[in-house]
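Report on the structure given below.
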Amino acid sequence: MAGEGTGAVGRVALIWDEAVASYDFGSGHPLAPIRVELTVDLIRRTGLVGNGVDEVRPPEFHEVDLLRLHRDDFVDTVRRLSNDPTARASSRYGLGAGDTPAFPGMHPASLLVCGGTREAARQVWEGEADHAFHPSGGLHHAMPDHAAGFCIYNDPALAIDWLLEAGAERVCYVDVDVHHGDGVELMFRDDPRVLTISLHESGRYLFPGTGDVTDIGGEGALGSAANLPFAPGTYGELWLSSFDEVVDPLIRAFAPEILITQLGCDTHVNDPLAHLALTVDDMGTIYSRLHRLAHEVCDGRWVATGGGGYRLVEVVPRVWTMAFAEMTGRTLPVETPMGWQELVVARTGANPPRSFHEDPVTLSPAMREQAREAAHSSVSAFRSLVLPHHGVR
Ligand SMILES: [Zn+2]
């Protein structure tokens with residue numbers, strides 16, 4: 001059963017408010033808020049909320065805190081374009097044609113996302129909850145001075161910054177999104193108090209093109225950034241064994257006080273924007289790994305956010321519901337609730353998934369072999385470049 005071997009789960013918080021769905025780049029954009037709305041609906045209909053599991057509204061997030069990590073000219077530009085998306089702005093701010101178009105209200109919407117992730121971190125750090133999940137968060141590509149990859153303000157980084165201000169001395173950020181968690185890594189690459197770990201499709205094949213295994217952090221903080229790149233076709237078993245071989249021992253050696261995990265699910269075999277080959281069941285296994293680590297290494301202090309994931313109906317709602325079920329220690333039915341299926345049809349016209357499980361992926365022997373070789377070379381490079389900085393031989 002979910003949560004077994006992880007010790008009694010205390011209070012768990014789901015950070016949500018319909019207002020967060022205003023982080024919306026408009027129709028046709030991959031990062032559509034309906035994926036989170038359908039997630040929250042599925043979480044409610046599967047009985048995960050209640051009896052110590054509470055929904056919490058994201059509190060306000062003030063600009064003064066934003067400016068701790070984001071440059072004022074960038075924030076000014078976001079605010080200006082938020083009021084008038086047609087206004088002119090330098091392309092260096094990353095807003096406009098392309099991945100991250102300006103939209104009306106994007107400044108307050110982005111602040112709300114930041115408020116949600118920081119609240120998740122605050123509740124866990126201050127002991128109000130053991131675990132907290134903010135499915136609308138996880139905008140890990142946002143940079144100090146520009147937006148990128150659908151991300152405007154970097155909510156995971158701002159939550160980590162808040163934890164450091166609150167006295168945390170060892171924070172571990174694990175990013176399982178298919179895209180390299182470049183923004184969070186950049187903001188803490190010189191800070192040995194923050195270990196950022198990103199497992200992703202290699203930048204040779206995928207945006208943002210960074211996250212090579214040789215990127216291990218800045219001077220004075222070597223080993224505080226860790227990257228495990230994979231080749232296209234990397235399947236669940238291989239992803240998990242690579243995690244077990246080098247990421248698990250790294251986290252145990254760093255012994256963080258709190259774990260923050262970005263749970264992007266664009267690693268799925270059918271994701272339209274990437275090329276890995278995980279199933280929803282594989283992701284469920286990843287979540288149980290992270291849950292166990294949170295209990296065994298940092299007294300259960302586990303904060304999680306959403307992230308990427310562009311199969312809006314088929315994948316995102318199921319896997320983030322599985323993540324929350326893992327957090328609450330509650331069991332999900334095999335089938336998705338009929339009421340939810342009807343809602344999916346009503347709102348999207350799409351064919352809703354009937355089960356929380358999927359058949360294993362079949363790949364060509366050549367693809368499997370290529371993925372295995374690439375994973376093995378990443379794992380051995382990771383072992384020799386990163387682990388020695390944490391006393392792991
Ligand atoms: Zn992604």
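The values are calculated or read from the model by the stated rules, or taken from the named source; none is laboratory data. Keep in mind that this is a model prediction, so the values were computed, not measured. Every residue, glycine as well, gets a Cβ built from its backbone with ideal geometry; the counts of neighbours run over all protein chains shown. Ligands, DNA and RNA are stripped out before the accessible areas are found, and what is left, the full protein with its side chains, is counted by its heavy atoms. Shrake-Rupley method; radii C 1.70, N 1.55, O 1.52, S 1.80 Å.
In the list Glu119, Glu37, Glu18, which residue meets the criterion of being crowded, with 23+ Cβ neighbours inside 10 Å and either out of contact with any Leu (no Cβ under 9 Å at 6 or more places or on another chain) or closer than 30 Å to Val334 by Cα (or both)?
Glu119
Check Thr100, Thr117 and return the single one that is within 21 Å of Val319 (Cβ to Cβ) and touching a strand residue (DSSP E or B) at 6+ places or on another chain (Cβ under 8 Å).
Values: Thr100 fails: within 21 Å of Val319 (Cβ to Cβ).
Only one candidate passes the filter, namely Thr117.
Which condition breaks for His200 when tested against (1) out of contact with any Ser or Thr (no Cβ under 9 Å at 6 or more places or on another chain); (2) buried (at least 22 other Cβ atoms within 10 Å of the Cβ)?
The one condition His200 does not meet is (1).
Restricting attention to region 150-173, which residues are surrounded by fewer than 24 Cβ atoms within 10 Å (Cβ to Cβ) and either among the polar types (S, T, N, Q) or within 16 Å of the ligand (Cβ to nearest atom) (or both)?
Phe150
Restricting to region 95-130, what's the tally of residues that are more than 18 Å from His141 (Cβ to Cβ) and assigned to a loop (DSSP other than H, G, I, E, B)?
Count: 7.
Of everything in region 335-349 that's under 16 Å from Thr39 (Cβ atoms) and not hydrophobic (A, V, I, L, M, F, W, C), which residue is surrounded by the most Cβ atoms within 10 Å (Cβ to Cβ)?
Residues of region 335-349 under 16 Å from Thr39 (Cβ atoms): 336-337, 339-341, 343-344, 347-348.
Of the ones still in play, those that are also not hydrophobic (A, V, I, L, M, F, W, C) are 336-337, 339, 341, 347-348.
Values: Thr336: 21, Pro337: 16, Gly339: 12, Gln341: 17, Arg347: 13, Thr348: 14.
Per the stated criteria, the residue is Thr336.
Of the residues Ile286, Ile260, which single one is buried (at least 23 other Cβ atoms within 10 Å of the Cβ) and part of a strand (DSSP E or B)?
Ile260
When you scan region 301-312, do you find a residue that is in contact with a helix residue (DSSP H, G or I) (Cβ under 8 Å, 6 or more places away or on another chain) and assigned to a helix (DSSP H, G or I), even just one?
Within region 301-312, none of the residues are in contact with a helix residue (DSSP H, G or I) (Cβ under 8 Å, 6 or more places away or on another chain) and assigned to a helix (DSSP H, G or I).
Using the structure shown, decide if Ala226 is without any contact (Cβ under 8 Å) to a residue 40 or more places away in the chain and open to solvent by less than 10 Å² (accessible area, probe 1.4 Å).
Considered against the rule, which asks whether it is without any contact (Cβ under 8 Å) to a residue 40 or more places away in the chain and open to solvent by less than 10 Å² (accessible area, probe 1.4 Å), Ala226 comes out as no.
For the list (1) under 10 Å from Thr234 (Cα atoms); (2) surrounded by 13 or more Cβ atoms within 10 Å (Cβ to Cβ); (3) not aromatic (Phe, Trp, Tyr), I need the number of the one condition that Val379 fails.
Unmet condition: (1).
When you check Ala159 against the structure, is it of a type in the set (A, V, I, L, M) and part of a helix (DSSP H, G or I), yes or no?
yes
For region 1-90, which helices (runs of 4 or more DSSP H) that fit wholly inside it have 3 or more residues that are farther than 26 Å from Ala304 by Cβ?
Per the criteria, 72-83.
If you check Ala274, Ala325, Ala255, which single one turns out to be on the phi > 0 side of the Ramachandran plot and in contact (Cβ under 8 Å) with a residue 40 or more places away in the chain? Can you show your working first?
Values: Ala274 fails: on the phi > 0 side of the Ramachandran plot; Ala325 fails: on the phi > 0 side of the Ramachandran plot.
Selected residue: Ala255, the only one of Ala274, Ala325, Ala255 that is on the phi > 0 side of the Ramachandran plot and in contact (Cβ under 8 Å) with a residue 40 or more places away in the chain.
Criterion first (on the phi > 0 side of the Ramachandran plot and surrounded by fewer than 15 Cβ atoms within 10 Å (Cβ to Cβ)) does Gly209 satisfy it?
Yes, satisfied.
Specify the residue that is farthest from the ligand (Cβ to nearest atom); the eligible residues are those in region 174-193 that are under 15 Å from Phe207 (Cβ atoms) and in contact with a Ser or Thr (Cβ under 7 Å, 6 or more places away or on another chain).
In this case the residue turns out to be Glu185.
Would you mind stating whether Ala89 is small (Gly, Ala, Ser) and touching a strand residue (DSSP E or B) at 6+ places or on another chain (Cβ under 7 Å)?
Numbers: small (Gly, Ala, Ser): yes; touching a strand residue (DSSP E or B) at 6+ places or on another chain (Cβ under 7 Å): no.
No.
Just the residues that are part of a loop (DSSP other than H, G, I, E, B), of a type in the set (S, T, N, Q) and under 16 Å from Ala375 (Cβ atoms), please, taken from region 221-257.
Residue satisfying the conditions is Thr234 alone.
Among the residues of region 291-300, write down those that are surrounded by fewer than 23 Cβ atoms within 10 Å (Cβ to Cβ) and part of a helix (DSSP H, G or I).
Across region 291-300, the qualifying residues are Arg292, Leu293, His295, Glu296, Val297.
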